[in-house]
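Asker: What follows is a structure written as structure tokens; I'll ask about it next.
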Amino acid sequence: MDKSLHSERYRAIMRELEMKNKVRVVDLAEKLNVTPETIRKDLTALEEKKKLRRIHGGAVQYFGLIKEPHFNKKIGIFHYQKKLIGEAAARYILDGETIALDVGSTTFHIASSIKNVENITIVTNSLAAAELLNNRLENQLFDGKVIVLGGTSNPLQRSLSGSITNQLLEHFYFDKAFISCGGMTKDGIFDFNIDEATASSIMIRRSKQNFVVADSSKINQRALFHIGSISAIDNLISDEEMPYDWKLDQIFKTVNWINADGISVK
């Protein structure tokens, strides 16, 4: 096989990935007029070069595990998928409930989707979500109040965390907690920041029911700090179905996996 053809396909694949953040094998095969098996081999080769990361049915952009993207950058990554997940998650918020909303670009999209509910209380350590929620309250898109937890600020992530945040969280009981993550494997859910991971873990423990929100790029991705085990998750909302090998694993039997359109695929 001519190496130049390989290089040309690699460049085409990377161009598609830069434009869309996520590519599918079937789409690439059709666009480049080759077999799906050829594309799978190309994606594997590019993954070995750390140019991308393979996911079920395709690939996503490669991000190292050590450094978390700035919040303003994260908002633009997988924006469409996160928006769908946020809209799906917001449907589970009911009148009169007390909600925990942790830090993250996906939970930010939940905040932007909350509407037509009354007498809810939202507790958050996300400065970005708090500002958005206050604007939505002012515009009467929902009724209730927003409680912003104190703590040490992280300007790059627009968040509050640390010992003060954790102490305050121990005084709350939540009906539902909505938790973002930096990655998820069979070992549990993970985040990049130890203080934010600890706050999310407390939210899960203090809640009657929790929802982990994770776009497909987080699947089989491990970040630095452990938030919780799979057994701690009640519901998981993603933009794709549960990976096939996970469906066969006993540890996922108690997780209600929800597509971003709100249809359970457990």
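The values are calculated or read from the model by the stated rules, or taken from the named source; none is laboratory data. Small disclaimer: the values here were computed from a predicted structure and weren't measured. Heads up, the Cβs are rebuilt from the backbone with ideal geometry, glycines too, and the neighbour counts pull from every protein chain shown.
Residue by residue, here is whether (1) in contact with a helix residue (DSSP H, G or I) (Cβ under 9 Å, 6 or more places away or on another chain); (2) closer than 28 Å to Asn154 by Cβ; (3) among the charged types (D, E, K, R) holds:
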| site | (1), (2), (3) |
| --- | --- |
| Gly188 | yes, yes, no |
| Ile204 | yes, yes, no |
| Ser207 | no, yes, no |
| Phe211 | yes, yes, no |
| Ile251 | yes, no, no |
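Asker: Whether any residue in the stretch 145-157 is part of a helix (DSSP H, G or I), out of contact with any Pro (no Cβ under 6 Å at 6 or more places or on another chain) and under 19 Å from Ala197 (Cβ atoms) is what I want to check. Working first, answer last.
Answerer: Quick first cut of the stretch 145-157, residues part of a helix (DSSP H, G or I) only: none.
No, the conditions are met nowhere in the stretch 145-157.
Asker: In the stretch 113-126, what residues are surrounded by fewer than 19 Cβ atoms within 10 Å (Cβ to Cβ) and within 24 Å of Ala197 (Cβ to Cβ)?
Answerer: Selection gives Thr121 alone.
Asker: Related question: Can you tell me which residue within the stretch 156-179, out of those that are touching a Phe, Trp or Tyr at 6+ places or on another chain (Cβ under 9 Å) and over 18 Å from Tyr92 (Cβ atoms), is surrounded by the most Cβ atoms within 10 Å (Cβ to Cβ)? Full working, then the answer.
Answerer: Let us first name the residues in the stretch 156-179 that are touching a Phe, Trp or Tyr at 6+ places or on another chain (Cβ under 9 Å), namely 156-159, 176-179.
Among the residues that remain, those that are also over 18 Å from Tyr92 (Cβ atoms) are: 156-159.
Values: Leu156: 12, Gln157: 23, Arg158: 20, Ser159: 26.
This residue is Ser159.
Asker: Looking at Lys51, Lys31, Lys73, Lys41 in this structure, which one is within 27 Å of His109 (Cβ to Cβ) and either of a type in the set (Lys, Arg) or modelled with pLDDT of 85 or more (or both)?
Answerer: Step by step, each of Lys51, Lys31, Lys73, Lys41 is checked, and only Lys73 is within 27 Å of His109 (Cβ to Cβ) and either of a type in the set (Lys, Arg) or modelled with pLDDT of 85 or more (or both).
So that you can scan it fast, the table gives a plain yes or no per residue for (1) of a type in the set (D, E, K, R); (2) in contact (Cβ under 8 Å) with a residue 24 or more places away in the chain; (3) within 25 Å of Ser231 (Cα to Cα):
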{"residue": "Val146", "(1), (2), (3)": "no, yes, no"}
{"residue": "Gly151", "(1), (2), (3)": "no, yes, no"}
{"residue": "Ser159", "(1), (2), (3)": "no, yes, no"}
{"residue": "Gln167", "(1), (2), (3)": "no, no, yes"}
{"residue": "Phe178", "(1), (2), (3)": "no, yes, yes"}
{"residue": "Cys181", "(1), (2), (3)": "no, yes, yes"}
{"residue": "Glu196", "(1), (2), (3)": "yes, yes, yes"}
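Asker: Still on this structure: Taking helices (runs of 4 or more DSSP H) that do not extend beyond the stretch 1-63, which have at least 2 residues that are among the charged types (D, E, K, R), crowded, with 17+ Cβ neighbours inside 10 Å and touching a strand residue (DSSP E or B) at 6+ places or on another chain (Cβ under 6 Å)?
Answerer: Ranges flagged: none.
Asker: Among residues belonging to the stretch 198-219 that are under 18 Å from Asn259 (Cβ atoms) and in a loop (DSSP other than H, G, I, E, B), point out the one that is modelled with the lowest pLDDT.
Answerer: So, considering only residues that are under 18 Å from Asn259 (Cβ atoms) and in a loop (DSSP other than H, G, I, E, B), the one modelled with the lowest pLDDT is Asp215.
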